Amino acid sequence: MDFSKTFISIRTRSVLQIYDLAILVCVEYFKPLVGLLAIGAFPFVLLDCWLIGWLATDYQNFRYFYWVMFLLVVSQAQIATTFMTHYLGQAMFFGRPKISTTIKDVLRIGFYFHWLHGGVRMVIPVLICCFFLSQSMELGSEGQYVYLFLFLPALVLLGLAFRVFRPFVSEILLLEKTPLRSNDENVVCFNRRSKSLHFRRGAGDGFIGQSLASFLFGLFLGLAIDSGLLQLDKILNIQANSEWSYASWYWLIALWLSVGFLCVARFLFYIDTRIRQEGWGVELRMRSESRRINEMVI
């Protein structure tokens with residue numbers, strides 16, 4: 001395999017160029033990426049609908065559905081796009097990898113990966129908080145506002161803080177496949193790799209800027225998709241022919257499509273970070289040349 005030949009040219013890019021490239025990648029790999037997004041998001045959609053789906057049918061609390069669902073999707077975004085991240089990493093060198101291979105590899109991920117996202121990045125605590133929120137709202141307790149506007153946002157923000165300063169944990173574990181720990185200082189284990197990538201001088205400011213840009217872009221994209229779906233519904237009179245309101249489903253679809261796009265952008269930010277900090281393009285050329293020489297010798 002020629003490591004120097006990738007489906008994305010190895011060079012530094014600005015933030016706007018990365019988002020522009022993310023659009024092209026989404027178009028090129030639309031079907032596999034949408035399929036893998038659906039596979040990753042489906043369990044969370046079922047769980048979220050079980051926890052707070054009743055808010056969408058409750059006239060008095062309907063407005064809270066949008067807020068709580070937004071917080072849930074933000075919390076679950078990175079772990080739900082694990083399949084997409086793995087696929088993009090393979091597509092970088094292999095062009096069009098098999099979806100079945102991606103699914104098998106991701107299902108073999110160790111416990112630490114799930115603990116890091118589910119526990120440290122607050123996915124599970126947020127779900128537990130939503131459970132208690134649902135209980136308090138069903139009982140008509142005034143404590144529901146404490147969950148809605150204090151506990152739940154605080155847990156989501158805490159999880160986001162870990163993601164802002166260590167945004168590429170998924171890529172390190174999924175794509176670089178570093179061992180979790182090692183007593184040998186010459187071995188690049190997960191903690192050493194994460195520190196070298198995330199805590200170089202000036203890296204923190206760049207990650208904050210990337211995260212803020214991604215949040216704002218994703219929010220506006222989600223609102224735009226939701227507005228487009230509502231407008232399409234109005235044109236086609238879909239809602240008029242049904243007794244159920246589809247507005248909540250449009251919001252859910254809009255949020256997850258935005259998450260999928262931001263996953264592609266995050267992967268490209270990861271590539272860009274490696275190019276800027278480590279001269280990744282030179283490393284790939286050297287690895288490719290070394291492989292070629294070894295094949296000639298053999």
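The values are calculated or read from the model by the stated rules, or taken from the named source; none is laboratory data. Keep in mind that this is a model prediction, so the values were computed, not measured. Positions of Cβ are generated from backbone atoms using ideal geometry, with glycine treated the same way; all protein chains shown enter the neighbour counts.
Residue by residue through region 214-261, note down the ones that are assigned to a helix (DSSP H, G or I) and of a type in the set (D, E, K, R).
Once the filter is applied, which keeps residues that are assigned to a helix (DSSP H, G or I) and of a type in the set (D, E, K, R), region 214-261 yields 226, 233, 234.
Residue 265 - would you say it is modelled with pLDDT of 90 or more and within 13 Å of residue 168 (Cα to Cα)?
yes
Against the condition surrounded by fewer than 14 Cβ atoms within 10 Å (Cβ to Cβ), part of a helix (DSSP H, G or I) and of a type in the set (Phe, Trp, Tyr), how does residue 42 come out, does it pass?
So residue 42 fits the description; yes.
Kindly check whether there is at least one residue in region 196-213 that is at pLDDT below 90, charged (D, E, K, R) and part of a helix (DSSP H, G or I).
yes
Does region 226-248 contain at least one residue that is within 19 Å of residue 68 (Cβ to Cβ), within 22 Å of the chain's Cα centre (by Cα) and of a type in the set (D, E, K, R)?
Of the residues in region 226-248, the ones within 19 Å of residue 68 (Cβ to Cβ) are 226, 245-248.
Now restrict to residues that are within 22 Å of the chain's Cα centre (by Cα): 226, 248.
Pick out the ones that are also of a type in the set (D, E, K, R) and you get 226.
Yes, the conditions are met somewhere in region 226-248.
Provide a single number: the residues in region 41-77 that are under 18 Å from residue 154 (Cα atoms) and among the polar types (S, T, N, Q).
Filtering region 41-77 down to residues under 18 Å from residue 154 (Cα atoms) leaves 64-77.
Adding the requirement that they be among the polar types (S, T, N, Q) leaves 75-76.
Result for region 41-77: 2.
Right, residue 134: in contact with a Phe, Trp or Tyr (Cβ under 8 Å, 6 or more places away or on another chain) and of a type in the set (Gly, Ala, Ser) or not?
Yes, satisfied.
Only one of these conditions is not met by residue 60: (1) polar (S, T, N, Q); (2) surrounded by 23 or more Cβ atoms within 10 Å (Cβ to Cβ); (3) outside any helix (DSSP H, G or I). Which number is it?
Only one criterion is unmet by residue 60, namely (2).
Conditions (1) assigned to a helix (DSSP H, G or I); (2) in contact (Cβ under 8 Å) with a residue 24 or more places away in the chain; (3) charged (D, E, K, R); (4) touching an Asp or Glu at 6+ places or on another chain (Cβ under 9 Å), marked per residue:
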| position | (1), (2), (3), (4) |
| --- | --- |
| 70 | yes, yes, no, no |
| 75 | yes, yes, no, no |
| 86 | yes, yes, no, yes |
| 92 | yes, yes, no, no |
| 109 | no, yes, no, no |
| 114 | yes, yes, no, no |
